[in-house]
Amino acid sequence: MADTLSNAIKQIIYMDGIAAFSSSKRFNALLGDFAPELVTERKIISRVVNDELLLSFGALMGRNDGHYELLRIKSRLEDEHGLSERWSLTIVTGFADAMGCEHSLGTEEKEERTPPPVNNVGYATEPLPVYTPGYRTTSASFIVDTVEVFATNGTFDGKLTDGGTYLRGETSNIGIKVNFPAVTARVYASLVWQVFSSDGTAFTEQITGSLWLEPGENYMTQSWGWSEKGNWPADVYTVMASINGSPAVSAEFEIIDGCYERLPTYLEGIRFFHSPRGIHPELNSRRYAASFDKRIACTIGFQMDFGAPGRGMYTVINYVIADEYNQIVANRAVPLWLNPENDTCWTGYGYVEPGYWDKGRYTCSVSIGGSNAVSGTFFIV
C-alpha cells in the first residue's frame, strides 16, 4: 500500500514539484488525478493531512536527514488524529519514499537509539573523485566551480554566519554551498561531500544528498554537525565536494577555541556606501550615501563607528535588513576580529551584479557582540 501511495506522490512531485505541497485541498485533488484507485487512502489522507503537515513533508523533499522528523510526524498522526500505527506508517513512509528521504521506519528494533549528529544527511558508497586543483572537464555531468563554507544552526533561512574562522563555543553545524553554472533543464543532482582534519584523516564519512534542480538553479546547500554548540575540535578542516561525479573542489575552514565577546564600547552610528561587485572600497575612498541607483547598485556596505575596545577580541556583527513592508531581506551574523585600536568596522549585503535590488526604502539594524543596536535607512531608486 505504501508503495502504491509512494508511486502516486512521485508522479505528483515530478509534475508539480514543491507546489504540490501548497495546501491539503490541492494535494488531495492531485492525488485523485494521479491515483484514482486509492479511494480508501485518499479518505484517510483527506482527514488527517492538513496544511501544516504538508509543509513538514515538503520541507523534507530531497533530503536524506529526516528520519527523526518523520518519527515526529508519525507520532502526531497517531496522538492527534487517532490513526493506527499501520495507517500512520503507510502515510509517512509513502511520502518519505516518494521524496527520497532515507529512513528505517517499520524496520526499527524496539530499543533505545542514539540520535546521530543533526543534519547528517547520509553516507555515499562511492569514493570522491581525485581532486586536481583547477581541473575541469566538459565530459563530466556537472562542472562544479566553488564550494563555500559557513556556520549555521541547521537551517537555511538566511541566518548564516559567513567567513572561514569559527569559534568552537559558537558553532554547532557547518554548512556548504556548492556553486555551478545554472542548469538549463530539470536535472537530478547528487551531492557528495566530506570533511577532513588537518592531518588528512577523514573527520566525517562521506555525506550525500540528492534533489531535482530546476532550470536556472546554480547552487546546492547542505550541513552537518550537532544539535549543541562546542563539539567541533579546534583544527583546520578541508571540505571536498562533488556533484554527479564531477571533479571535486575544496575549501578550508578553521575552528578555534573561544566564544564571541560583547563589544565593551558604544556604537555611535551607521553609514552606507556602495561596494561595486561586492568589493568594499578602502576607507579613504568611500562615498557615503543614503540612496543608490538600482541600475548600478550591487552590494550595499554599512560601516559602524565606535570607541576602540582597548584589547583584541573576537566578536560578531549581527544585522537585519527589512524592506518598507517590514519583510526581512537579510538576517545574518558575521564573525569579526577587532584589534585594540579599531574604532570602526563594516560589512555589507547585496549582489555581485547590478540590477537585482527592488526599488524602495530599506532599514538596517546592527549590533556588535550584543552591544546597543543602531539603525539606518537607505533607498534604492
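The values are calculated or read from the model by the stated rules, or taken from the named source; none is laboratory data. All figures in this text were calculated on a predicted structure; none of them were measured in a lab. No Cβ is skipped: glycine too gets one built from the backbone with ideal geometry, and neighbour counts run over all protein chains shown.
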Enumeration of residues in the range 348-362 that are surrounded by fewer than 12 Cβ atoms within 10 Å (Cβ to Cβ) and within 20 Å of Asn318 (Cα to Cα) | none
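Assess whether Gly301 counts as being of a type in the set (Gly, Ala, Ser), at negative phi and at pLDDT 90 or above.
yes
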Index of the failed condition, Leu263 passing every other in (1) out of contact with any helix residue (DSSP H, G or I) (no Cβ under 8 Å at 6 or more places or on another chain); (2) in a strand (DSSP E or B) = (2)
Being modelled with pLDDT of 85 or more, in contact with a helix residue (DSSP H, G or I) (Cβ under 8 Å, 6 or more places away or on another chain), assigned to a loop (DSSP other than H, G, I, E, B) and buried (at least 20 other Cβ atoms within 10 Å of the Cβ), is that true of even one residue in the range 176-189?
-> no
Within the range 196-236, track down each residue that is β-branched (Val, Ile, Thr), surrounded by fewer than 18 Cβ atoms within 10 Å (Cβ to Cβ) and assigned to a strand (DSSP E or B).
-> Thr221, Val236
Could you count how many residues in the range 62-99 are under 20 Å from Gly225 (Cα atoms) and either in the same structural domain as Leu191 (by TED's automatic domain parsing) or modelled with pLDDT under 75 (or both)?
-> 8
Applying the selection to the range 365-381, what residues are crowded, with 18+ Cβ neighbours inside 10 Å, polar (S, T, N, Q) and outside any strand (DSSP E or B)?
-> Ser371
So, first residue farther than 15 Å from Thr204 by Cβ and not assigned by TED's automatic domain parsing to the domain that holds Ile174 in the range 223-248, second residue surrounded by 21 or more Cβ atoms within 10 Å (Cβ to Cβ) and modelled with pLDDT of 90 or more, Cβ within less than 8 Å, six or more apart or across chains; the pairs are none
Can you tell me which residues in the range 1-41 are modelled with pLDDT of 70 or more and either closer than 21 Å to Leu213 by Cα or part of a loop (DSSP other than H, G, I, E, B) (or both)?
-> Ser6, Asn7, Ala8, Ile9, Lys10, Gln11, Ile12, Ser23, Ala35, Pro36, Glu37, Leu38
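Keeping to the range 296-313, report how many residues are surrounded by fewer than 19 Cβ atoms within 10 Å (Cβ to Cβ) and within 24 Å of Glu282 (Cβ to Cβ). Before you say what the answer is, go through the steps one by one.
The initial filter retains those residues of the range 296-313 that are surrounded by fewer than 19 Cβ atoms within 10 Å (Cβ to Cβ), namely 296, 305, 307-308, 310-312.
Adding the requirement that they be within 24 Å of Glu282 (Cβ to Cβ) leaves 296, 305, 307-308, 312.
Counting residues in the range 296-313 that are surrounded by fewer than 19 Cβ atoms within 10 Å (Cβ to Cβ) and within 24 Å of Glu282 (Cβ to Cβ) gives 5.
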Exclusive hit being of a type outside the set (Val, Ile, Thr) and over 24 Å from Ile256 (Cβ atoms), set Gly360, Gly370, Gly310 = Gly360
